[in-house]
1. Roughly how far apart, in whole Å, are the Cα centres of region B:114-185 and region A:87-156?
2. In region A:11-125, what is the volume of the convex hull around the alpha carbon atoms, normalised per residue and reported in Å³?
3. As I understand it, the value is the acute angle between the Cα axis of helix B:25-38 and the longest principal axis of the Cα atoms of chain B; what does it come to in degrees, rounded to 10?
4. Based on the Kirkwood radius over alpha-carbon pairs, what is the Stokes-Einstein translational diffusion coefficient of region B:92-249 at 4 °C with 1.567 mPa s viscosity, in µm²/s?
5. Rounding to the nearest 10 and keeping the result within 0 to 90°, find how far the Cα-based axis of helix B:152-166 lies from the longest principal axis of chain B.
6. Binning at 10 angstrom from zero up to the longest distance, how are the C-alpha pair distances of the protein assembly as shown distributed in percent?
7. Let me know the mean shielding of A:107-113 by other chains, meaning the per-residue number of their Cβ atoms within 10 Å of its Cβ.
8. Among B:212-225, B:47-60, B:137-150, A:122-135, how do they line up from the highest to the lowest mean number of other beta-carbon atoms within 10 Å?
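None of the figures in this text is laboratory data; all of them are computed from the coordinates on show. Small disclaimer: the values here were computed from a predicted structure and weren't measured. Counting neighbours? That spans all protein chains shown, and the Cβs are built from the backbone with ideal geometry, glycine included.
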Amino acid sequence: MPTRLPDAEKLCLALADQLRPQIDPATTALVGIHTGGVWVAQRLHALLGLQTAPGSISVSFYRDDYNQRGLQSNAKSSQIPFDVEGAHVIVVDDVLYTGRTIRAAINELFDYGRPAHVDLAVLVDRGGRELPIAATFCSHSLTLPPSQILALEREADGQLFFRLIEK
Amino acid sequence: MTTRNPQLNAHGELQHLLTLDGLSREIIAKILDTAAPFSTVAEREVKKVPLLRGKSVFNLFFENSTRTRTTFEIAAKRLSADVINLNINTSSASKGETLLDTVDNLAAMQANMFVVRHASSGAPYLIAQHLAATHRNDIHVVNAGDGRHAHPTQGLLDMYTIRHYKGDFSQLTVAVVGDLLHSRVARSQIHGLSILGVPEIRVIAPKTLLPSGVERMGVRVFHDMKEGLRGVDVVMMLRLQNERMQGALLPSPQEYFKSYGLTPEKLALAKPDAIVMHPGPMNRGIEIDSAVADGKQAVILPQVTFGIAVRMAVMAMLAGS
């Protein structure tokens, strides 16, 4: 039975609606986690009319499975174009699962400075947490078995969509 | 029967970095790609990432080198490793301990990586073989320069520098100039350039400073520097290794400068956008004129900065393999 996957574009709109009353477009800054989170952060940045350009964070150098799996083969640069010190930062990702990526992202963020406040916004919470981490903003929840990967992908025209991959 | 490259593990990943000779273009490109994100770490508030937290890197320098040792030390510290510098000249070796006894002792101290500089070609190989024979495959070896043989991280940082300024290797003409005879740097550069597909590699040197059989490395040999520099994209100068000279290989440093020193007049024969590189330390007025060393085509200081990112990438790839 194929699982019916949520519409990623609609979830972006819903997430922006949740965030709008809680943020100040002049001071709030977004940081997307590579790769899907960066796309979502770009969407939210436009939808919310934020003044600060969004940052991106790769977590390649902060992952907790380096000793088991080594360095990720496609390690990317993190780019944070604003001063993290004292900022209100919303970390953005496509899918929240074990929570390990979020832990790594927060650790990395703090190496850029001490933010005043950090929130987490995700399109989908798929359950399966291994750490005490919860999203502040989430537009959809579902439960998937560990054998499946829920991945956000992007069409050539920029449309975002979800795909389910069997491990 | 196929012999496995001793640098690679059973999965084809780098286990040690001993030489660029025999590495695939894919592996070298992967190291350069991995170095790029490491280059941004130094721009942050905290110039450190936690990858090698809890790991011990031993710098084993059987031969002095301030710059190479320092950049390896910085690279390891920016990866959060604990770094132990051993200046072996002043330590056990002078009391008669053998190289492999030193290695066994450090392995017993739970070392994770050895960065080795040695005056004898092949010393890092010997250590890597010994670690395999004693079932210490958890310890990685990085060659930081052995005799006249290889200096792979210098070769890699030079390739990173060329890629940074020139983008693509497939259209380049590159000249390596100077004392090739004594130069492990030149060998690693030539291997790197040919593996990455540089179509024309030139070497420019007097006959007395060329190793025999250099043509077999796929290079064009020039004895006239002006002829050799014509139309090149990259000029890689080598240091004249006076301390390694035995006998009369050279008339005098002044004569050498006249024929093989890089002056603005000679550099004008290269392409107008040619870059000038040097592995350091420079002998100003012997192999390079100050006007060139400090000129706008020189990328000698960026080489040093890129060297840290490249060494971080190598150590992170080895320790995670």
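1. That distance is 41 Å.
2. Spelled out: Cα convex hull of region A:11-125, divided by residues, is 91 Å³.
3. Rounded to the nearest ten degrees, it is 80.
4. D = 75 µm²/s.
5. The helix B:152-166 is inclined about 50 degrees to chain B.
6. 4, 18, 24, 21, 17, 11, 5, 1, 0
7. Per residue, the average neighbour count from other chains is 3.
8. So the order, starting with the most tightly packed, is B:137-150, B:47-60, A:122-135, B:212-225.
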